[in-house]
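Chemist: First the structure, then my questions, so here it is.
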Amino acid sequence: MELSTSRGEGKASYRIGQQISFLVRVNRDAFVYLFDLDSNGDAALLYPAFEIAGKQLPAGQLLLLPDDGMPYELEVTHPPGKDLVWAVASQTQLDLPGELTGDWARAEVLMERVRRMGTTSGAYAEAQLVLYTAP
């Protein structure tokens, strides 16, 4: 699994309010999930979102998030600091809640639950990148 921003791989810097895009590629057909884990330990699901049904991403195909067909844009928001963007690919669809609330919205709990689901579902991979955000 490969994950980068439109500014490249590794550590990227953004300012609050700037638009951000992610590029994802997998080496076998997979369901893809993208999460933001912020500097406060909170988690947000970036993809799939807003009732967009998750579809399998074909092997080798580049997924641009968000793309022209999505009804939303991704904007860097508060709090400033260091965020971890975490991408997960699974051979089967994961049983995630429609909205991350309660314990699901805590980064460490989310990561533990998703990894447990992913590793018992067949093929599973993850990638991450660090984003630095400033006011």
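Read-outs: derived from the displayed coordinates by stated rules, not from any lab. Remember, it's a predicted structure, so these values are computed and weren't measured experimentally. Cβ sites come from the backbone with ideal geometry, for glycine too, and all protein chains shown count toward neighbours.
Chemist: Whose amide H sits under 5 Å from the amide H of ASP29, counting only residues 5 or more places off or on another chain, with H placed in the peptide plane?
Modeler: ALA59
Chemist: What chymotrypsin sites (Phe, Trp or Tyr not before Pro) does the stretch 26-135 have in DSSP loop regions with at most 16 other beta carbons within 10 Å?
Modeler: Filter output for the stretch 26-135: PHE50, TYR72.
Chemist: Given a Förster distance of 22 angstrom, what is the FRET efficiency for ASP29 paired with ARG116, based on the Cβ-Cβ distance and rounded to 0.05?
Modeler: 0.50
Chemist: In nm, to one decimal, how far is the GLU73 label point from the GLN19 one, both placed 7 Å along Cα→Cβ?
Modeler: Result for the modelled spin labels: 0.4 nm.
Chemist: If each DSSP helix of 4+ residues adds -39,500 (n - 2.57) and the sum is divided by the residues in the chain, what number results at 222 nm, nearest 500 deg cm²/dmol?
Modeler: -3000 deg cm²/dmol
Chemist: Step by step: find N for the stretch 86-135, compute 2.2 N^0.38 Å, then divide the Cα radius of gyration by it. What's the final number?
Modeler: With N residues counted in the stretch 86-135, Rg over 2.2 N^0.38 Å equals 1.28.
Chemist: Where does the Debye-calculated log10 I(q)/I(0) of the stretch 23-135 sit at q = 0.13, 0.20, 0.21 Å⁻¹, using only Cα point scatterers of equal weight, no solvent?
Modeler: -0.48, -1.18, -1.29
Chemist: Sticking with this one: Would you pull out the residues with amide H under 5 Å of TYR47's amide H, same chain only if 5 or more places away, H placed 1.01 Å from N?
Modeler: LEU34
Chemist: Would you work out the charge dipole size for the chain about its Cα centre, treating the Cβ of every Lys and Arg as +1 and the Cβ of every Asp and Glu as -1, and quote it to the nearest 20 debye?
Modeler: 360
Chemist: Which order do ASP29, ASP95 fall in if you start with the one that has the fewest other Cβ atoms within 10 Å?
Modeler: ASP95, ASP29
Chemist: Could you check the simple spin-label distance between LYS55 and SER39, using points 7 Å along Cα→Cβ, in nm with one decimal?
Modeler: Modelled inter-label distance: 3.8 nm.
Chemist: Just to confirm a number: summing +1 for Lys and Arg and -1 for Asp and Glu over residues other than ALA44 whose beta-carbon lies under 9 angstrom from that of ALA44, what do you get?
Modeler: Here the charged neighbours net out to -3.
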